[in-house]
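Read-outs: derived from the displayed coordinates by stated rules, not from any lab. Predicted, not measured: the structure shown is a model, and the values here were computed from it. Backbone-built Cβ (ideal geometry, glycine too); neighbour counts: all protein chains shown.
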Ligand SMILES: Nc1ncnc2c1ncn2[C@@H]1O[C@H](COP(=O)(O)OP(=O)(O)OP(=O)(O)O)[C@@H](O)[C@H]1O
Ligand SMILES: [Mg+2]
């Protein structure tokens with residue numbers, strides 16, 4: 001299914017034909033046709049900004065403006081004037097009148113990126129706009145009416161933010177009329193070859209280079225990797241490959257990431273439930289134990305399973321679940337396939 005019409009082909013394209021991404025595409029098409037407020041969620045690097053732009057381009061507002069506001073990049077004292085604009089003299093330093101992003105998006109789309117980081121006082125004012133589509137500039141008496149399509153995105157869990165009192169539930173229900181949840185890349189690994197191919201061609205053209213297709217052993221590593229940084233990480237990896245020109249650049253980057261995950265296993269976060277954090281810590285610890293045992297036995301999985309007193313099948317499942325490669329990475333010689341079966 002082609003999402004973007006040929007005239008819009010220069011815009012970022014949402015790639016992926018896996019079942020998970022097919023669901024996302026269908027949701028995008030339905031949301032673009034409905035024109036109701038959309039909330040896009042997903043881990044960092046999963047493509048939330050690409051989806052927001054695609055929604056706009058597929059909607060009836062495609063010829064009007066697409067105005068993006070990055071909520072966390074602005075201090076909360078500034079975000080209100082950024083969103084709603086101000087009249088001359090509204091505050092010290094307001095030497096002239098300025099329209100805000102809400103007004104600039106008139107008849108078009110307003111994309112609030114990382115809305116989970118929006119200050120609570122500004123949330124209240126935004127709620128008012130969504131209730132009656134009216135607002136005033138700071139220091140202004142005139143009430144203005146706007147016609148905007150609101151798209152929001154966040155990598156935060158807004159349910160948890162609401163429970164913690166950091167996000168207004170009435171605003172949540174206004175912005176979350178239609179929700180689109182982007183899967184992490186480790187949940188749609190079948191899209192990896194297509195994404196690799198796309199970014200390879202893109203960066204080869206950009207840097208004027210031509211490289212060998214990736215070897216099957218590196219492809220296997222990439223397909224098994226756990227991708228904490230999702231599609232953005234994959235794109236950066238391909239870029240590195242094109243710039244440095246060797247597959248070793250990819251293998252080293254993956255090794256570094258694995259090593260970093262192993263040295264900082266417990267990300268303590270006071271906002272997350274204890275049960276969730278404990279489960280995550282146990283998984284990280286289990287992964288480290290398995291990795292160490294695999295290394296001790298030169299990645300002979302039968303011997304590793306025996307040493308850990310689990311079945312061979314259970315070990316294979318755990319290797320896959322932990323996002324470990326099926327084969328050892330790096331320069332040291334792994335045991336042979338025949339040896340592995342002994
Ligand atoms: N499905 C996809 N198809 C093609 N490119 C993608 C896809 N998903 C992400 N990308 C690319 O990966 C990079 C990151 O995407 P994007 O900025 O949309 O992620 P994000 O979810 O908004 O991340 P963050 O939460 O960090 O803001 C971009 O260069 C984007 O073009
Ligand atoms: Mg983003």
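Please give the contour-minus-distance gain from residue 236 to residue 156: 0.36 nm per residue of separation, less the Cα-Cα distance, rounded to one decimal in nm.
Numbers: separation 80, 0.36 × 80 = 28.80 nm, distance 2.31 nm.
Extra length available between residue 236 and residue 156 comes to 26.5 nm.
So if R0 is 35 Å, what FRET efficiency would residue 244 and residue 70 give, r being the distance between their Cβ atoms, rounded to the nearest 0.05?
0.70
I need to check one value: relative contact order of region 187-264, counting alpha carbon pairs closer than 8 Å and at least 6 residues apart, in percent.
35 percent
Full-extension gain between residue 317 and residue 206, please, as 0.36 nm times their residue separation minus the C-alpha to C-alpha distance.
36.0 nm
Relative to the longest principal axis of the chain, what angle (0 to 90°, nearest 10) does the C-alpha long axis of helix 312-321 take?
For 312-321 against the chain, the angle is about 30 degrees.
Could you state the per residue volume, in Å³, of the convex hull enclosing the Cα atoms of region 1-145?
130 Å³
At q = 0.09, 0.12, 0.15 Å⁻¹, what base-10 log of I(q)/I(0) does the Debye formula yield for the chain when every alpha carbon is treated as an equal point scatterer in vacuo?
-0.63, -0.99, -1.27
Based on a Kirkwood Rh over C-alpha pairs, give the Stokes-Einstein translational diffusion coefficient of region 187-264 at 20 °C and viscosity 1.002 mPa s in µm²/s.
Result for D is 167 µm²/s.
What percent antiparallel are the DSSP beta bridges of region 1-149, to the nearest 5?
Close to 30 percent.
Assuming R0 = 45 Å, what is the FRET efficiency of residue 295 and residue 44, from their Cβ-Cβ distance, to the nearest 0.05?
Working from the Cβ atoms, E equals 0.90.
Hey, how many Å between the Cα centroid of region 79-120 and the Cα centroid of region 188-249?
39 Å
Go through 224-235, 241-252 and give me the packing order, highest mean Cβ count within 10 Å leading.
The densest-packed peptide leads the list: 224-235, 241-252.
Residue 219 to residue 281: FRET efficiency via 1/(1 + (r/R0)^6), r the Cβ-Cβ distance, R0 30 Å, to the nearest 0.05?
Computed FRET efficiency for residue 219 and residue 281 comes out at 0.45.
Which percent, to the nearest 5, of DSSP beta bridges fully inside the chain are antiparallel?
Here the antiparallel bridges make up roughly 15 percent for the chain.
Averaging sequence separations of C-alpha pairs under 8 Å and six or more residues apart, then dividing by the length of the chain, give the relative contact order as a whole percent.
The value is 17 percent.
Taking a spot 7 Å from the Cα of residue 147 along the direction of its beta carbon, which residues of region 85-119 have an amide N less than 16 Å from it?
Only 103-110 pass the distance filter.
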